[in-house]
Amino acid sequence: VFCVVLMSIMIVGCNTNSSKSYTFTVDNGDKIKITLDTSDDYDISSDLPFTISCGEEMLSQGSFILGEAYEQYVSVVETDEKAEVLDSGTKDGNEYVFWCYNGSEYNYVILINNSSTGIIIGNLVSEESARECFDRLIINIEN
């Protein structure tokens with residue numbers, strides 16, 4: 001019985017979830033909280049307004065846009081022959097579109113729920129890298 005209890009404690013103790021958050025006040029007055037799952041050596045910094053890296057490699061960069069710019073991005077992506085929509089939908093209540101531009105740039109545009117703010121996130125590494133960074137994010141408006 002002692003061994004079973006000890007093994008259970010060790011298994012639970014090995015589960016290390018970590019995260020890092022920044023709250024940004026954007027030009028329109030919205031306060032947006034960006035949280036990144038920082039396990040596996042991922043990190044977020046408040047450069048540009050934010051940059052996501054893994055180890056020493058910079059992967060994605062994000063900037064805030066006005067909410068109405070979200071529709072403009074979506075419209076351009078749907079009509080530009082160099083853009084290929086890879087995914088779209090909602091995550092954590094936020095609408096998003098994910099696309100590849102010119103076969104070498106992977107971008108997300110996100111409309112933050114209950115706000116007049118959006119985010120554009122660019123990644124020059126790969127589709128997989130862009131997806132991993134996005135999947136690790138939680139984005140919401142602060143009251």
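Scanning the range 99-110 for residues that are of a type outside the set (Gly, Ala, Ser), open to solvent by 40 Å² or more (accessible area, probe 1.4 Å) and farther than 22 Å from SER53 by Cβ returns a single hit, ASN102. Take the conditions modelled with pLDDT under 95, open to solvent by less than 80 Å² (accessible area, probe 1.4 Å) and either touching a Ser or Thr at 6+ places or on another chain (Cβ under 9 Å) or of a type in the set (A, V, I, L, M) (or both) and apply them to VAL5. Does it pass? Taking the combined requirement at face value, the residue satisfies it. Of all residues in the range 97-115, exactly one satisfies the criterion of being within 14 Å of the chain's Cα centre (by Cα) and either farther than 19 Å from LEU137 by Cα or part of a loop (DSSP other than H, G, I, E, B) (or both), namely ILE112. Write out, first by first residue and then by second, each pair whose Cβ atoms fall under 7 Å of each other, whose residues are 6+ apart or on separate chains, and whose first residue, in the range 110-131, is under 16 Å from ALA69 (Cα atoms) while the second is modelled with pLDDT under 95 and assigned to a helix (DSSP H, G or I). Sorted first by the residue in the range 110-131, then by its partner, the pairs are LEU111/GLY67; SER115/GLY67; SER116/GLY67; THR117/GLY67; GLY118/GLY67.
The residue that is most open to solvent (accessible area, probe 1.4 Å), among those in the range 116-143 that are aliphatic (A, V, I, L, M) and in a strand (DSSP E or B), is ILE138. Residues considered: TYR101, TYR96. Of these, the only one that is modelled with pLDDT of 95 or more and touching a Lys or Arg at 6+ places or on another chain (Cβ under 8 Å) is TYR101. ALA83 passes every criterion in (1) of a type outside the set (S, T, N, Q); (2) buried (at least 16 other Cβ atoms within 10 Å of the Cβ); (3) at pLDDT 95 or above; (4) under 17 Å from the mean Cα position of the chain (by Cα) apart from (4).
Given the residues SER21, SER60, SER53, which is the only one that is assigned to a strand (DSSP E or B) and open to solvent by 30 Å² or more (accessible area, probe 1.4 Å)?
Working: SER60 fails: open to solvent by 30 Å² or more (accessible area, probe 1.4 Å); SER53 fails: open to solvent by 30 Å² or more (accessible area, probe 1.4 Å).
Result of the check over SER21, SER60, SER53: SER21.
The values are calculated or read from the model by the stated rules, or taken from the named source; none is laboratory data. Keep in mind it's a predicted model, so treat the numbers as computed, not measured. Because the Cβ atoms are built from the backbone with ideal geometry, glycine has one as well, and the counts that use them run over all protein chains shown. Remember, those area values only see protein heavy atoms, side chains included, never the ligands or the DNA or RNA. Shrake-Rupley method; radii C 1.70, N 1.55, O 1.52, S 1.80 Å.
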